[in-house]
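Novice: This is the structure I have questions about; it appears just below.
The values are calculated or read from the model by the stated rules, or taken from the named source; none is laboratory data. The model shown is predicted, which means the values in this text are computed figures rather than measured ones. Counting neighbours? That spans all protein chains shown, and the Cβs are built from the backbone with ideal geometry, glycine included.
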Amino acid sequence: MKRRYAVAALTGVLAVTSAASANWFTNFCKNVHRDYRRNNCWPEPFVYDDREAVKAPFGVMVAKGWRSQNTLMDHHFSLENGELNDAGRQKVRSILLNTPPAHRAVYVLRGANADATAARVDAVQEVVVAMSPQGDLPPVLEVDTGPHGWPADYIDTMLRAIVGIEIEVTSLVGKWKVSQNRSVADRTGVAAGLATRAGDAQAQAMAAEVRARS
């Protein structure tokens, strides 16, 4: 009986060892095949994360650029009641018509206090609803900062202050620059080089000038 148990145990150990050896060899072959494929398509399997890491900051900059573009500032609202003025309504219309759907949101610069901010947001939402009778409405969001610029009335005032003048030109004074400061050999070489351009009328004329003023 003891011999039978010993033979059975030895057979089991050999079976487990054979299975483990076969499994190791299979894994080894798979690893070799995988590494071979990786090496032959280098660097494709390894560059995607790096590409996304490089592109991520640009996505943030694009989003912030659209936020700056779509922000309503103080000069878009009435100082008395926080309603949108004509410039503000035109700004909202431009946002709704020209902004890509992925960035179509209206940002409102916060007012001096919570009531002023709420009045601005309500006014913008009313205009957005009136201008967008169908489809999903873009969100109206509050922001603390906006683009740097000047109100439209200030720009109009500055443009009116620009004065144009007209000057009559009666004569022109200039100096020919055709290698006069170079040696005779250099000037001769320049003229000869220009003269080789048979189909270039300007080159031929310049060659004649260089010879005439040498």
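Novice: For residues in segment 46-83 being touching a Leu at 6+ places or on another chain (Cβ under 8 Å) and assigned to a helix (DSSP H, G or I), which is farthest from Val128 (Cα to Cα)?
Specialist: To start, the set of residues in segment 46-83 that are touching a Leu at 6+ places or on another chain (Cβ under 8 Å) comprises 71-74, 76-78.
Still in the running and assigned to a helix (DSSP H, G or I): 74, 76.
On the way: Asp74: 18, His76: 14 Å.
That would be Asp74.
Novice: So the check is Cβ under 8 Å with 6+ separation or different chains; which pairs have a first residue in segment 193-206 that's without any contact (Cβ under 8 Å) to a residue 12 or more places away in the chain and under 18 Å from Trp176 (Cβ atoms) and a second one that's charged (D, E, K, R) and surrounded by 12 or more Cβ atoms within 10 Å (Cβ to Cβ)?
Specialist: Short answer, once both residue conditions are applied: Ala203/Arg197; Gln204/Arg197.
Novice: Among the residues of segment 180-214, which ones are β-branched (Val, Ile, Thr), surrounded by fewer than 14 Cβ atoms within 10 Å (Cβ to Cβ) and in contact with a Ser or Thr (Cβ under 8 Å, 6 or more places away or on another chain)?
Specialist: Taking segment 180-214 first, the residues β-branched (Val, Ile, Thr) are 184, 188, 190, 196, 210.
This time we only want the ones that are surrounded by fewer than 14 Cβ atoms within 10 Å (Cβ to Cβ), so: 184, 196.
Matches in segment 180-214: Val184 only.
Novice: Continuing with the same structure: Given the criteria touching an Asp or Glu at 6+ places or on another chain (Cβ under 6 Å), assigned by TED's automatic domain parsing to the domain that holds Ala63, closer than 21 Å to Ala63 by Cα and buried (at least 16 other Cβ atoms within 10 Å of the Cβ), does Val140 qualify?
Specialist: Details: touching an Asp or Glu at 6+ places or on another chain (Cβ under 6 Å): no; assigned by TED's automatic domain parsing to the domain that holds Ala63: yes; closer than 21 Å to Ala63 by Cα: yes; buried (at least 16 other Cβ atoms within 10 Å of the Cβ): yes.
Judged against the criteria, Val140 is not a match.
Novice: For segment 127-152, which residues satisfy the criterion of being touching a Phe, Trp or Tyr at 6+ places or on another chain (Cβ under 8 Å) and in contact (Cβ under 8 Å) with a residue 40 or more places away in the chain?
Specialist: Correct list: Val143, Gly146.
Novice: Any idea which residue in segment 149-183 is farthest from His75 (Cα to Cα), counting only those that are of a type in the set (Ser, Thr, Tyr) and not in a helix (DSSP H, G or I)?
Specialist: Here is the first cut: in segment 149-183, the residues of a type in the set (Ser, Thr, Tyr) are 154, 157, 170-171, 179, 183.
Narrowing the set further to residues that are not in a helix (DSSP H, G or I) leaves 170-171, 179, 183.
On the way: Thr170: 48, Ser171: 50, Ser179: 60, Ser183: 67 Å.
Residue satisfying both the conditions and the ranking: Ser183.
Novice: If you don't mind, another one. State which residue is nearest to Ala119 (Cα to Cα) when the search covers only segment 137-182 and only residues that are of a type outside the set (Val, Ile, Thr) and touching a Leu at 6+ places or on another chain (Cβ under 9 Å). Show your work before the answer.
Specialist: The initial filter retains those residues of segment 137-182 that are of a type outside the set (Val, Ile, Thr), namely 137-139, 141-142, 144, 146-154, 156, 158-161, 164, 166, 168, 171-172, 174-177, 179-182.
Within this subset, residues satisfying the condition of being touching a Leu at 6+ places or on another chain (Cβ under 9 Å) are 138, 142, 144, 146.
Numbers: Pro138: 18, Glu142: 12, Asp144: 16, Gly146: 18 Å.
Only one residue tops the list, namely Glu142.
Novice: Among residues belonging to segment 100-135 that are modelled with pLDDT of 90 or more, over 32 Å from the mean Cα position of the chain (by Cα) and over 17 Å from Glu80 (Cα atoms), point out the one that is surrounded by the most Cβ atoms within 10 Å (Cβ to Cβ).
Specialist: Going through the qualifying residues, I end up with Glu126.
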